[in-house]
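Here the structure comes first, spelled out in structure tokens, and everything after it is commentary.
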Amino acid sequence: MDELRVVERAYGEPAPPTMEEMTEARARMFGEAPRPRVRSGWRVKAGVGVVAVGAATAVAVAVAGSGSGTPAPSSRPAAVDLGKGAVLAAAEKAELQPTGKYWHDDTVSGQAYVVRAKTGTYAIFGAHSETFSWAGAKAGMGEAYYGRDLPARPQTPRDAALWREAGSPSKIRVWSGDHYATHSTEATRWRSDGPNVGIDPEGGGTFVDGKSAEDLRNLPTEPGMLAEMFFDGKIMERSGADPKGGRAVAATVKIMRASAVLSAPIPPKARSGLMKALAAQPGVHAIGRVTDPLGRTGVALASADRAVTETGEFGGPAADRGTYRHRQVIVFDERTGALLSRQDVLTVPGGPYAEMKPGFVIEYQASRSAGWTNAKPAPPVELPFR
């Protein structure tokens, strides 16, 4: 079916988006080269948008195997509003976003941990951080990078109640990969390295894949051409994914790639085209409305789910061993077409998430804000959640 016709029927005419290793993993996946002048700064330590554990996990899972888990298509006409038609309508609205002199990006990321307290098992978001950066449209206009640690916090109201039953600990000890780590419920101040307290006055003008603002302005707008540019087979190879891993693996990498590209100052019509290109990729499915970890609801696309088996190879609690299934989800604001989040979501409980429910967020990146301004922006004072 012609997806654009679905949009027209459903909506009518549109109205007149160590840390060094994590950064290297992101660079391999998204084809980005480190920027020498800020190698000691927060941007290198945390990565632009901080794919963090999720990027490494996606690469490992791609090799581990693929699964089905494709959502069954609905036979009810009303479901069109929550299908790819809704995503494509959001893409059309992305064409309306303004431009300016300085691009900024404010990204919140978190990793889920399960805490097996005597009073009841609950989940938190730990390794919780926020990164803020801005860059001038042209070289010499300056750029800056900031970051802060956010409080570890229970994921849901039920988790919060169980955390309180456990005594509301301000320091939470969890198993993390191959060791125990302790996460604090206190936030840190914004910090930044580099010249002029994080501001490089000679920076600016270079964005995703090393492209200049002019390069980005000249991007094609046709979805097929954008798919060739950003979703080709070389992206799979750079990610370390097995090319024979199947549609679920390819869709996972493409969703993560799209999330990174859409966090950059892509011109509105190219942004719209890239969203449409992603919606048309094999293995990418519409899943209706989804609420992201910052409490915002949007229309979403997802990969098919995949199985992961925790064997205890690197130690850790015996209760963490077993198999679970998960998928990548990308969420867009249907009013504006803006990227809201990319999140790794549990589909079938098991292993470390045996006591969690489907829909549990394993890891995420949420775009708190991104866009052009005419004045140099500053990181927000308030926390991204209450």
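Descriptive notes on the structure:
- Only one entry in GLY233, GLY245, GLY240 is at pLDDT below 90 and more than 25 Å from GLU363 (Cα to Cα), namely GLY233.
- Hits in the range 290-305 - residues which are closer than 16 Å to LEU346 by Cα and not acidic (Asp, Glu): VAL290, THR291, PRO293, ALA300, LEU301, ALA302, SER303, ALA304
- Within the range 306-321, residues that are under 20 Å from VAL348 (Cβ atoms) and hydroxyl-bearing (Ser, Thr, Tyr) have Cβ atoms under 8 Å from residues that are in a helix (DSSP H, G or I) and modelled with pLDDT under 90 in these pairs: THR309/ALA64, counting only partners at least 6 apart in sequence or on another chain.
- If only residues of the range 98-142 that are of a type in the set (D, E, K, R) and out of contact with any strand residue (DSSP E or B) (no Cβ under 6 Å at 6 or more places or on another chain) are counted, the one that is nearest to ALA366 (Cα to Cα) is LYS101.
Here is a yes/no grid of residues against (1) in contact with an Asp or Glu (Cβ under 6 Å, 6 or more places away or on another chain); (2) closer than 16 Å to ALA123 by Cβ; (3) at pLDDT 95 or above:
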| position | (1), (2), (3) |
| --- | --- |
| TYR146 | no, no, no |
| ALA152 | no, yes, yes |
| THR156 | no, yes, no |
| ASP159 | no, yes, yes |
| LEU162 | no, yes, yes |
| GLU165 | no, yes, yes |
| SER170 | no, no, yes |
| GLY177 | no, no, no |
| TYR180 | no, no, no |
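- Residues satisfying the stated conditions in the range 113-133, i.e. farther than 17 Å from LEU150 by Cβ and not charged (D, E, K, R): VAL114, VAL115, ALA117, THR119, GLY120, THR121, TYR122
- From the options ARG335, ARG342, ARG306, ARG327, residue that is basic (Lys, Arg), within 21 Å of LEU262 (Cβ to Cβ) and at pLDDT below 95: ARG335
- Residue in the range 200-211 that is in a helix (DSSP H, G or I), at pLDDT below 95 and of a type in the set (A, V, I, L, M, F, W, C) present: yes
- When ARG335, ARG342 are checked against the criterion of being among the charged types (D, E, K, R) and in a strand (DSSP E or B), a single residue qualifies: ARG342.
- Scanning the range 346-378 for residues that are under 15 Å from SER109 (Cβ atoms) and not polar (S, T, N, Q) gives VAL361, ILE362, GLU363, TYR364, ALA366, ARG368, ALA370.
- The residue of the range 144-187 that is surrounded by the fewest Cβ atoms within 10 Å (Cβ to Cβ), among those that are under 15 Å from PHE385 (Cβ atoms) and in contact with a Gly (Cβ under 8 Å, 6 or more places away or on another chain), is LEU150.
- Test: residue in the range 369-384 that is touching a helix residue (DSSP H, G or I) at 6+ places or on another chain (Cβ under 9 Å) and part of a strand (DSSP E or B): yes
- Odd one out for LYS357 among (1) among the basic types (Lys, Arg); (2) loosely packed, with under 14 Cβ neighbours inside 10 Å; (3) closer than 23 Å to HIS179 by Cα: (3)
The values are calculated or read from the model by the stated rules, or taken from the named source; none is laboratory data. As the structure is a prediction and not an experimental result, all values here were calculated from the model. Here Cβ is always computed from backbone atoms with ideal geometry, including for glycine, and neighbour counts include all displayed protein chains.
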